[in-house]
1. Within the bounds of segment A:84-102, is there any residue that is open to solvent by 10 Å² or more (accessible area, probe 1.4 Å), among the hydroxyl-bearing types (Ser, Thr, Tyr), within 13 Å of chain B (Cβ to nearest Cβ) and closer than 28 Å to A:Gly281 by Cα?
2. Assess whether A:Arg8 counts as being farther than 16 Å from A:Phe109 by Cα, part of a loop (DSSP other than H, G, I, E, B) and away from chain B (no Cβ under 14 Å).
3. Is one or more of the residues making up segment A:107-118 among the aliphatic types (A, V, I, L, M), assigned to a loop (DSSP other than H, G, I, E, B) and in contact with a helix residue (DSSP H, G or I) (Cβ under 9 Å, 6 or more places away or on another chain)?
4. Quick check on my filter: what residues within segment A:272-307 are within 16 Å of B:Leu122 (Cα to Cα) and surrounded by fewer than 23 Cβ atoms within 10 Å (Cβ to Cβ)?
5. With respect to A:Ser361, is the statement that it is within 14 Å of chain B (Cβ to nearest Cβ), more than 20 Å from B:Cys115 (Cβ to Cβ), of a type in the set (S, T, N, Q) and out of contact with any Lys or Arg (no Cβ under 9 Å at 6 or more places or on another chain) true?
6. Please go through segment A:132-177 and pick out each residue that is touching a Ser or Thr at 6+ places or on another chain (Cβ under 6 Å) and surrounded by 24 or more Cβ atoms within 10 Å (Cβ to Cβ).
Amino acid sequence: MSAILFDRIDEPGLNDIATYERRGGYEALRKALAQPREGLLEELKASGLRGRGGAGFPLGMKASFIPGADIDKYLVCNADESEPGTFKDRELMQKNPHMLIEGMIIAAFTVGANRSFIYIRGEYVLQADVLEQAIAQAKAAGFLGENILDSGFSLDLVLHRGAGAYICGEETGLLDSLEGKRGNPRLKPPFPANQGLFQGPTLINNVETLATIPAIIRMGGSEYAKLGIENSAGTKLVSVSGNVQRPGNYEIELGMSSRDIIFGLAGGPDEGREVKFWFPGGSSSPVLTAADLDITYDFDAMAKAGTMLGSGAIIVVDDSNSVVDVALTLASFYKHESCGKCTPCREGTNWTVKMLQRVQSGEATPMDLDIIASVQEQIIGNCLCVLGDAMAMPVGSLVAKFRPEFESHIEAARERNGLGLTPPPASEEPVLSL
Amino acid sequence: MTDVTRFTHGSRIPGWDDSVDPNKAPAGIPDLATTPVPAELREEIQAEMAKYPVFRSALIPALHAAQRVHGWCSPEAIEQVAAVMGITPGEVAAVATFYDMFETKPVGTQTIYVCTNISCSLRGGPKILEAMRAAADGDADFNIRAFECLGACDMAPMASVNGEFVGPLAESDCAQIVADLKGGGEVLAAKQLRVRPCADEAGRVDGGQTTTSEVTQ
């Protein structure tokens, strides 16, 4: 298959503008600047590229929502990559930063934005340093700044380092953070395309999405759309991690079999171990089991299986791990990262952790599992953003799919603690003494 | 787990109502003319403010700069940022307490984040954290924290040592990291992210003959 994003990405010096240009870099920008904006928008639409950050919203459609009026518009690159299990943007930014910058210039030109920002998570020190150097090079070469390549188009690009908050990967939380506030998500609508950064229309996209744009312009949108399968066009970077022998980033054509990714590319679990369950799209996606390994890896197949492609991060958990530990690790993460703005998420993540701790320590009864499941249901869809849902979906699916293991864990822990076996469920309505 | 102090008579932790003393006027914007701010810090914050159409956007970069100077987001650091940016210390503190990378207590100068999130914990992250703490042996200069996913699950279990990503770590590497830091040299040079090749074969050059060690020079 044809590698687009990872094509010889380990070439020494690719992060330098000279090497990037020698390989045909910034040619797509010249081609784009010579075209009318409507034509570029059509190319993006024709490519069928769906956002690579997690939601999978079509790029062309998102760009077309930006009003054409002559007002201050912004382009923001979401490089906050904090979804557990996801590390694809890191490799792209570190090794081929100019591809992202070129994609951003083309995207900004298409929607008429004159100011752009890369919001990179503060922990990515090396990647931010590489990008900073690349931006300076692009400025010196005239690809950024005033009147780019005599096209009359000007663009300013600022690298903004975050300071460690998962919520800032959520688009409106990111915008608040970029405005120098706490990263609290906003009510939508208005969507960022109408009212985003500094109240102006804002196009906000993931690193991988923007880095794909030069290839789309080079190949032509309809040619790019031939990669992958229907409704899931193109190639996708998948980050495979957890209990596999060769964890890492792989570029695949969408529609590949999940088994080929997990076993073929990443080597599967260690000798003698079996896949117990796996997260197909980051820790926020409902889990799939070994029985689902033959599902193809694309947006529609994952949605049909009741989960999501998300950021393309596959986390494999083998049979040496306890499902209770995994659920508690996940829930603790979301509890820590909940910004606290919406009650269902703030309280729901907090109580889910407490209940799972009871399950782990053996103080729980099977009724607690029902309460855990019901709390998850009440979080989903009831908050401004999907952080709460991001815990509720995987934890809910773990409890639903591995309930017997949760129950036997509770019983074993109760016995260990000398609490006796779980009492059988009462056959009659309990009598309340007032 | 957070280490919130609990008291037998309730949850009235000393200082819990500091910010709501009704007799105390809220702190206003400190005067830049009378607030001592190191010249370099002031210049750096002002340079950051100039990058954005609305200067308030520079608050996170400003706090990063202040933390570099003061070692943590101390009351003086917050006061100085507020003075330079012309906003109240309350607004600055609100942001400083939201983000994980800002320290709100005095800490050591050697910062080690050990990832204990899902992919690292499947490969022994929590044991690395324990081993790292044991290796530092209570040295106050070491700020060792359990951290959420750092985005390097391909090298799990991993840690960020003063911003340098290293992994996959064995428990025995922790003593080496501590020794490297004390010696002031490079940390675990062979296990740094910057020399790690792409897992995808398409990323290799010349059939995988070339290493990536020069990529980020």
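The values are calculated or read from the model by the stated rules, or taken from the named source; none is laboratory data. Every value quoted in this text rests on a predicted model; they were computed, and no experiment measured them. Positions of Cβ are generated from backbone atoms using ideal geometry, with glycine treated the same way; all protein chains shown enter the neighbour counts. For accessibility, only protein heavy atoms count, side chains too; no ligands or nucleic acids. Shrake-Rupley method; radii C 1.70, N 1.55, O 1.52, S 1.80 Å.
1. No, segment A:84-102 contains no residue that is open to solvent by 10 Å² or more (accessible area, probe 1.4 Å), among the hydroxyl-bearing types (Ser, Thr, Tyr), within 13 Å of chain B (Cβ to nearest Cβ) and closer than 28 Å to A:Gly281 by Cα.
2. No: the conditions fail for A:Arg8.
3. yes
4. A:Arg273, A:Glu274, A:Lys276
5. Details: within 14 Å of chain B (Cβ to nearest Cβ): yes; more than 20 Å from B:Cys115 (Cβ to Cβ): yes; of a type in the set (S, T, N, Q): yes; out of contact with any Lys or Arg (no Cβ under 9 Å at 6 or more places or on another chain): yes.
So A:Ser361 fits the description; yes.
6. Within segment A:132-177, A:Tyr166, A:Cys168, A:Gly169 qualify.
Residues are listed down the side, and each one gets a yes or a no for (1) over 15 Å from A:Ser322 (Cα atoms); (2) open to solvent by less than 70 Å² (accessible area, probe 1.4 Å); (3) part of a loop (DSSP other than H, G, I, E, B); (4) in the same structural domain as A:Ile167 (by TED's automatic domain parsing):
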site	(1), (2), (3), (4)
A:Cys339	yes, yes, yes, no
A:Cys345	yes, yes, no, no
A:Thr349	yes, yes, no, no
A:Asp368	yes, yes, no, no
A:Ser374	yes, yes, no, no
A:Gly381	yes, yes, yes, no
A:Leu384	yes, yes, yes, no
A:Ala390	yes, yes, no, no
A:Val395	no, yes, no, no
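Let's see how each residue does on (1) among the β-branched types (Val, Ile, Thr); (2) in contact with a Lys or Arg (Cβ under 9 Å, 6 or more places away or on another chain); (3) within 21 Å of B:Ala202 (Cα to Cα); (4) open to solvent by 40 Å² or more (accessible area, probe 1.4 Å):
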| position | (1), (2), (3), (4) |
| --- | --- |
| A:Ser2 | no, no, yes, yes |
| A:Ala28 | no, yes, no, no |
| A:Ala34 | no, no, no, yes |
| A:Arg52 | no, yes, yes, no |
| A:Gly56 | no, yes, no, no |
| A:Ala63 | no, yes, no, no |
| A:Gly68 | no, yes, no, yes |
| A:Met104 | no, no, no, no |
